[in-house]
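Visitor: Quick one: structure below, then a few questions.
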Amino acid sequence: MRRNALTVGLALMLCAGLIGCSRPGAGMASAPGDPAVAKVDGQPVLKSDVAREAVAQGLIGDGEPLEVSSDLFQRVLDEVIDQKLLAAEAVRRGIDSQPGAQRRLAAARERILGDMVVEGAVDSAVNENAIRALYQEQLKLKRQGEEFHARQIVVAGQPEADSIKKQISSGASFEGLAANRSIDAETRSSGGDLGYFTADVMPAAYGAILKGARPGQIVGPFKSDSGWVVLKVEDRRQQAPPTLDASRAQIVRFLTYAQVGDLLKTLRAKERVELLTPTSPPGAAANAKGQP
């Protein structure tokens, strides 16, 4: 899932803005299910205002309920009220009519309007059918590896490892020897159990020895970073693909960034954008750096 770096960067900024900048204006009437929870100079503060502020601060997830009776709601409500009081004081002092304030207010308005365009585009594109389609596409493209379930006994030297393997061949309990003789503290108490793993997460010596191993087989001893190892292969199977639920968040992010990137690409192609700052051709900075 690769996108142009600039496009993804813009998408990240805009998608972050969906939460941070989309707040209803003062004086908005309450709607059914969205009651006023306070008034500041006669203007209502809606329940949704408080929830949006909590989301913007990362206190709750988008769409997560926030109970009016909770301490968190009351704390964020106080912050929203303070914000409205400060804004009203700025207007009383005439700060809102200053050129710098006008530019910042205009920029905030542009962000909010842009966020609303993005919200509509994402809502239409990021749906259950699109999520499932991309999940199936990724399953076809991604080859699942093989995973092993094994137990290990790790000792300091090869002679001891050879002796342990002979004892196992004579009927000694692998789990018992692991508990009594292994120097690996993490697996010793569980009879040397490593659980299920793929070869790529283990030291290279494990992958080499397991390549042709069969379930039930005792392999080794072989030298590893931690000592001499004897392995008991319990199982060998194809790695299970990730479930749709486990992949959903990543897929939604990708579809969102892709949709925003496509939207920006279309808009830039339709409108004239003129850069007034000097730009350097690719590689110019690197070439300049090598000059005396």
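The values are calculated or read from the model by the stated rules, or taken from the named source; none is laboratory data. Given the structure is predicted, the values throughout are model-derived calculations rather than measurements. All Cβ positions, glycine included, derive from the backbone under ideal geometry; neighbour counts span all protein chains shown.
Visitor: Name the single residue, out of those in the stretch 52-61 being surrounded by 12 or more Cβ atoms within 10 Å (Cβ to Cβ) and not β-branched (Val, Ile, Thr), that is farthest from residue 249 (Cα to Cα).
Guide: Of the stretch 52-61, the ones surrounded by 12 or more Cβ atoms within 10 Å (Cβ to Cβ) are 52-57, 59-60.
Going one step further and asking which of them are not β-branched (Val, Ile, Thr), we end up with 52-54, 56-57, 59.
Numbers: 52: 21, 53: 23, 54: 21, 56: 19, 57: 20, 59: 19 Å.
The residue in question is 53.
Visitor: Looking at this structure, is residue 212 over 13 Å from residue 229 (Cα atoms), in the same structural domain as residue 231 (by TED's automatic domain parsing), in contact with a Lys or Arg (Cβ under 7 Å, 6 or more places away or on another chain) and outside any helix (DSSP H, G or I)? Break it down stepwise before answering.
Guide: Working: over 13 Å from residue 229 (Cα atoms): yes; in the same structural domain as residue 231 (by TED's automatic domain parsing): yes; in contact with a Lys or Arg (Cβ under 7 Å, 6 or more places away or on another chain): no; outside any helix (DSSP H, G or I): yes.
Here the answer is no, as residue 212 does not meet what is asked.
Visitor: Now, a different point. Looking at 252, 233, 201, 229, can you tell me which residue is over 30 Å from residue 170 (Cβ atoms), surrounded by 15 or more Cβ atoms within 10 Å (Cβ to Cβ) and β-branched (Val, Ile, Thr)?
Guide: Of 252, 233, 201, 229, the one residue that is over 30 Å from residue 170 (Cβ atoms), surrounded by 15 or more Cβ atoms within 10 Å (Cβ to Cβ) and β-branched (Val, Ile, Thr) is 252.
Visitor: Give 163, 182 a once-over and let me know the one that is within 23 Å of residue 198 (Cα to Cα) and of a type in the set (Ser, Thr, Tyr).
Guide: Numbers: 163 fails: within 23 Å of residue 198 (Cα to Cα).
When all the criteria are applied, what remains is 182.
Visitor: Restricting to the stretch 165-211, and then to whatever is of a type in the set (S, T, N, Q) and free of Cβ contacts under 8 Å to residues at least 40 places away in the same chain, can you tell me which residue is farthest from residue 154 (Cα to Cα)? Give the derivation first.
Guide: Step one: of the stretch 165-211, the residues of a type in the set (S, T, N, Q) are 167, 169-170, 173, 180, 182, 187, 189-190, 198.
If we keep only those that are free of Cβ contacts under 8 Å to residues at least 40 places away in the same chain too, we end up with 167, 170, 173, 180, 182, 187, 189-190.
Values: 167: 15, 170: 19, 173: 15, 180: 11, 182: 5, 187: 9, 189: 13, 190: 13 Å.
The selected residue is 170.
Visitor: Examine the stretch 52-59 for a residue that is farther than 26 Å from residue 123 by Cα and β-branched (Val, Ile, Thr), and state whether such a residue exists. Working first, answer last.
Guide: Of the stretch 52-59, the ones farther than 26 Å from residue 123 by Cα are none.
No: the stretch 52-59 contains no residue that is farther than 26 Å from residue 123 by Cα and β-branched (Val, Ile, Thr).
Visitor: Residues of the stretch 62-97 being surrounded by 12 or more Cβ atoms within 10 Å (Cβ to Cβ), of a type in the set (Asp, Glu) and in contact (Cβ under 8 Å) with a residue 12 or more places away in the chain, which ones?
Guide: The answer is 79, and nothing else.
Visitor: Within the stretch 139-161, how many residues turn out to be in a helix (DSSP H, G or I) and either surrounded by 16 or more Cβ atoms within 10 Å (Cβ to Cβ) or in contact with a strand residue (DSSP E or B) (Cβ under 8 Å, 6 or more places away or on another chain) (or both)? Show your work before the answer.
Guide: Step one: of the stretch 139-161, the residues in a helix (DSSP H, G or I) are 139-141, 158-161.
Add one more test, that the residue is either surrounded by 16 or more Cβ atoms within 10 Å (Cβ to Cβ) or in contact with a strand residue (DSSP E or B) (Cβ under 8 Å, 6 or more places away or on another chain) (or both), and what stays is 158, 160-161.
Of the residues in the stretch 139-161, 3 are in a helix (DSSP H, G or I) and either surrounded by 16 or more Cβ atoms within 10 Å (Cβ to Cβ) or in contact with a strand residue (DSSP E or B) (Cβ under 8 Å, 6 or more places away or on another chain) (or both).
Visitor: Could I ask something else about it? Filter the stretch 34-51 for residues that are more than 15 Å from residue 67 (Cα to Cα) and of a type in the set (D, E, K, R); which is surrounded by the most Cβ atoms within 10 Å (Cβ to Cβ)?
Guide: Looking at residues that are more than 15 Å from residue 67 (Cα to Cα) and of a type in the set (D, E, K, R), I get 39.
Here's the yes/no breakdown for (1) in a loop (DSSP other than H, G, I, E, B); (2) touching a Pro at 6+ places or on another chain (Cβ under 7 Å); (3) modelled with pLDDT of 85 or more; (4) farther than 21 Å from residue 179 by Cβ:
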| position | (1), (2), (3), (4) |
| --- | --- |
| 216 | yes, no, yes, no |
| 219 | no, no, yes, no |
| 235 | no, yes, yes, no |
| 253 | no, no, yes, yes |
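Visitor: All but one of (1) under 30 Å from residue 175 (Cβ atoms); (2) out of contact with any Leu (no Cβ under 7 Å at 6 or more places or on another chain) hold for residue 148; state the number of the condition that does not hold.
Guide: Against the list (1) under 30 Å from residue 175 (Cβ atoms); (2) out of contact with any Leu (no Cβ under 7 Å at 6 or more places or on another chain), residue 148 comes up short only on (2).
Visitor: OK, next. Kindly list, by first and then second residue, each pair from a residue in the stretch 42-53 that is in the same structural domain as residue 72 (by TED's automatic domain parsing) to a residue that is in a strand (DSSP E or B) and of a type outside the set (A, V, I, L, M, F, W, C), limited to pairs with Cβ atoms under 7 Å and residues at least 6 apart or on different chains.
Guide: 45/39; 46/34; 47/34; 48/34
Conditions tested, residue by residue: (1) within 25 Å of residue 239 (Cα to Cα); (2) outside the structural domain of residue 229 (by TED's automatic domain parsing); (3) basic (Lys, Arg).
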{"position": "152", "(1), (2), (3)": "yes, no, no"}
{"position": "157", "(1), (2), (3)": "no, no, no"}
{"position": "162", "(1), (2), (3)": "no, no, no"}
{"position": "168", "(1), (2), (3)": "no, no, no"}
{"position": "181", "(1), (2), (3)": "no, no, yes"}
{"position": "190", "(1), (2), (3)": "yes, no, no"}
{"position": "193", "(1), (2), (3)": "yes, no, no"}
{"position": "198", "(1), (2), (3)": "yes, no, no"}
